[in-house]
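Trainee: Encoded as structure tokens, here's the structure I'll be asking about.
The values are calculated or read from the model by the stated rules, or taken from the named source; none is laboratory data. Just so we're clear, the structure is a prediction, and the values are computed from it rather than from any experiment. Cβ placement follows ideal geometry from the backbone for every residue including glycine, while neighbour counts extend to all protein chains displayed. Keep in mind that these areas ignore ligands, DNA and RNA; they rest on the heavy atoms of the full protein, side chains included. Shrake-Rupley method; radii C 1.70, N 1.55, O 1.52, S 1.80 Å.
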Amino acid sequence: MKELALTLRSLLSPEGPAHMVLYDRDTPRIVVDAPGMEESGHERAGRLLYYVLEELAPDFANLRTGALIRTVLRVPSGAVFFYLIQSGIHLYAATDRVDRLEEVDEALADKVNDIRASINYSVLDFGSFMSRAARRAAADPSGNPAAAGAPAAPDHDEKTAGSGTVDLEEHVHTVMGRVPAPGRTSEVLREALDLHGLHYLAYYDGSTALHTTDIFAHPGLGRYFLGPTPRARRERYGRLGRLLPGVVRRLNTSVGPVMQGELLQVVLDVEQGAAYYHVLRDGHFLVGVTLDQARVAEADKRMTRVGRDLMSA
């Protein structure tokens, strides 16, 4: 345990997380803080976060997309991360470096996988960071960082080859609520769907879905439906969307005392893809889903862009 505490402490820096807690279920086993930033409130925040996420476990079990392996709570002042190390063991980390959230997240993913490997657990593609690194390496086998962003490793918002708009349109499934979604909402949501990005989007007013759209029936996603049918997935993600406002209120209560501002976005990263909650305005919010674990980070960025587009639509 002492060696693990030293490992976690090595991650603390002005550029990274300032607070880290290792939990055995709801019990803090290791607590480390950056010098001069000791804050016991994070222990309680992590414990409350554990309780909330445990209550969501049956819903993720019904989705049959695997365990919840990584949770990201973004607020205006920074973010809280909650990583699965092994069953019942989680790492909580908090940072106020708004400008370095992705770098902190990726460093945490690497460290958690190092810990998992050290206890003979298989590594996990947290946040798709491993997949992104592999694509960059494939783009430039020489390891030249300047060429690592070559087209062979896309991390952008363009439609990827094989998922053209015409092809997708044939398989888009849309349900509109009794009250129409405002402005260009339906167009923005439909255009955001992509085989290599977001597969499901729902626009909510409170707990009421005004517009949902997905491409679950596309043949290119057939491998994700060996069990649940597209219809079953739609129903289960609909239930998740109705639950999320209450869940987010509890999450705000959990992290509010230690992080300034209310939640802007929640990332629920499972073994097969991720679900996203994105705050809009006046009680409206967006739920997004990707089933592709190799594209979680890209879908995350796309969610942010869709939210921005909807705010200006």
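Trainee: Order HIS199, HIS171 by their accessible area, 1.4 angstrom probe, all chains in place, largest first.
Mentor: So, going from the largest accessible area down, we get HIS171, HIS199.
Trainee: Sticking with this structure for a sec: Could you check the spin-label model distance between ARG184 and ILE89? Points 7 Å from the Cα along Cα→Cβ, value in nm.
Mentor: My value for the distance between the label points is 5.0 nm.
Trainee: Can you compute the label reach from MET311? Point 7 Å from Cα along the Cβ direction, backbone N cut-off under 18 Å, restricted to the range 235-269.
Mentor: It comes to 260-267, nothing else.
Trainee: If ligands, DNA and RNA are left out, what is the accessible area of ARG234 with a 1.4 Å probe, given in Å² to the nearest 10?
Mentor: Number for this one is 50 Å².
Trainee: Return the ratio Rg/(2.2 N^0.38 Å) for the range 1-134, where Rg is computed over Cα atoms only.
Mentor: After normalising by residue count via 2.2 N^0.38 Å, the value is 1.01.
Trainee: Return the Rg/Rh value of the chain, two decimal places, where both radii are evaluated on C-alpha atoms and Rh is the Kirkwood radius.
Mentor: We get a ratio of 0.96 for the chain.
Trainee: With a 1.4 Å probe and all protein chains kept in place, how much accessible area does LEU210 have, in Å² rounded to the nearest 10?
Mentor: Using a 1.4 Å probe on the heavy atoms, I get roughly 10 Å².
Trainee: When only the heavy atoms of the protein chains count and the probe is 1.4 Å, how do ILE119, ILE85 rank by accessible area, highest first?
Mentor: Reading off the accessible areas and sorting them downward yields ILE119, ILE85.
Trainee: What's the FRET efficiency of GLU55 with THR304 using the Cβ-Cβ distance as r and R₀ = 35 Å, to the nearest 0.05?
Mentor: 0.85
Trainee: By accessible area of protein heavy atoms, probe 1.4 Å, what ranking do SER13, SER254 get, highest first?
Mentor: Most to least solvent-accessible, the answer reads SER13, SER254.
Trainee: With each run of n ≥ 4 DSSP H residues scored as -39500 (n - 2.57), what mean residue ellipticity at 222 nm is computed for the chain after dividing by its residue count and rounding to the nearest 500 deg cm²/dmol?
Mentor: Computed ellipticity for the chain at 222 nm equals -12000 deg cm²/dmol.
Trainee: THR174: accessible area at probe 1.4 Å, nearest 10 Å²?
Mentor: The accessible area comes out at roughly 60 Å².
Trainee: Find how much the distance from GLU38 to LYS2 grows on full extension, using 0.36 nm per residue of separation minus their present alpha carbon separation; answer in nm with one decimal.
Mentor: Result: 11.1 nm gained on full extension.
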